[in-house]
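As structure tokens, the structure follows; a few thoughts come after it.
Nothing in this text is a laboratory measurement; each read-out follows from the coordinates by a stated rule. Quick caveat, the model's predicted, so the values are computed rather than measured. Neighbour counts are summed over all protein chains in view; Cβ atoms, including those assigned to glycine, are modelled from backbone coordinates with ideal geometry.
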Amino acid sequence: KNIVVMASGSGSNFQAIIDAIQSGRIKQANIAGLVAGKAGIRAAERAQSAGIPVKTMDPSLPHKKSENQLEEYLESWEPDLIILAGFMKKIPDKIVRKYHNRIINIHPSLLPKYGGKGFYGSRVHSAVLEAGDPESGCTVHFVNEQYDRGDIISQVRVPVKPDDTAETLSKRVLEKEHQLLPEVINQLLNPNSN
Ligand code: GRF
């Protein structure tokens, strides 16, 4: 099955997917391509090293044209599953509808907590620390028209420690992301096996 990954940053989750396909933890999957949210990101270098084609969003395009560009990128790869792995833009409604329940996102909190606009990157973890939550974690969910609000597929929890900073907490969560995301992808692609 064809998967397309979309990323805007370092791409460590993207790398976890590449590695999981190579090691057989994700079965029946071919990464058809990477949509890079912007130019010059580490995720695109990772794709190149792995021989995966990259298409980059053009920031100079007006809104509608940018939507069309994304739609064409995706169409060209005929994805069975689209994975947002640190993709920092909202997915246009028409694309959400076209790929209904075939787009998933990973988010570094226990959604519905600390989701939605404004909760990205280290802000999520700072908010968890400020609130004094005893635990945090990560969530994989289907993408719908609302930011971080689609149906939850799976979550993993981690403890928050007394001396945590946003950085130490984000590291602990990210390690779990790297396990959870490949697991969910394999499950979605191969629903009848375990
Ligand atoms: C992850 O924390 C992910 O949950 C969030 O963005 C970060 C991406 O990290 N949506 P990376 O680019 O996969 O290293």
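Kindly state which strands (runs of 3 or more DSSP E) lie completely within the range 1-115 and contain at least 1 residues that are over 19 Å from Gly150 (Cβ atoms) and not hydrophobic (A, V, I, L, M, F, W, C). Explain how you work it out, then say what you get.
Numbers: elements: 2-7, 30-36, 54-56, 81-84, 103-107.
Result: 2-7, 30-36, 54-56.
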Among the residues of the range 28-44, write down those that are closer than 17 Å to Leu84 by Cα and surrounded by fewer than 18 Cβ atoms within 10 Å (Cβ to Cβ).
-> Asn30, Lys38, Ala39, Arg42
Residue list for the range 107-140, filter: in contact with a Gly (Cβ under 7 Å, 6 or more places away or on another chain) and within 11 Å of the ligand (Cβ to nearest atom) = His107, Ser109
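Determine, yes or no, whether Lys1 is away from the ligand (no atom under 16 Å from the Cβ), within 17 Å of the chain's Cα centre (by Cα) and of a type in the set (D, E, K, R).
So Lys1 does not fit the description; no.
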Per the filter on the range 119-158, residues under 16 Å from Lys89 (Cα atoms) and in contact with a helix residue (DSSP H, G or I) (Cβ under 9 Å, 6 or more places away or on another chain) are Phe119, Gly121, Val143, Asn144, Glu145, Gly150
Filtering the range 144-193 for residues that are assigned to a helix (DSSP H, G or I) and not β-branched (Val, Ile, Thr) leaves a count of 20
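Can Lys89 be described as within 16 Å of the chain's Cα centre (by Cα), of a type in the set (Lys, Arg) and within 16 Å of the ligand (Cβ to nearest atom)?
Numbers: within 16 Å of the chain's Cα centre (by Cα): yes; of a type in the set (Lys, Arg): yes; within 16 Å of the ligand (Cβ to nearest atom): yes.
The answer is yes for Lys89.
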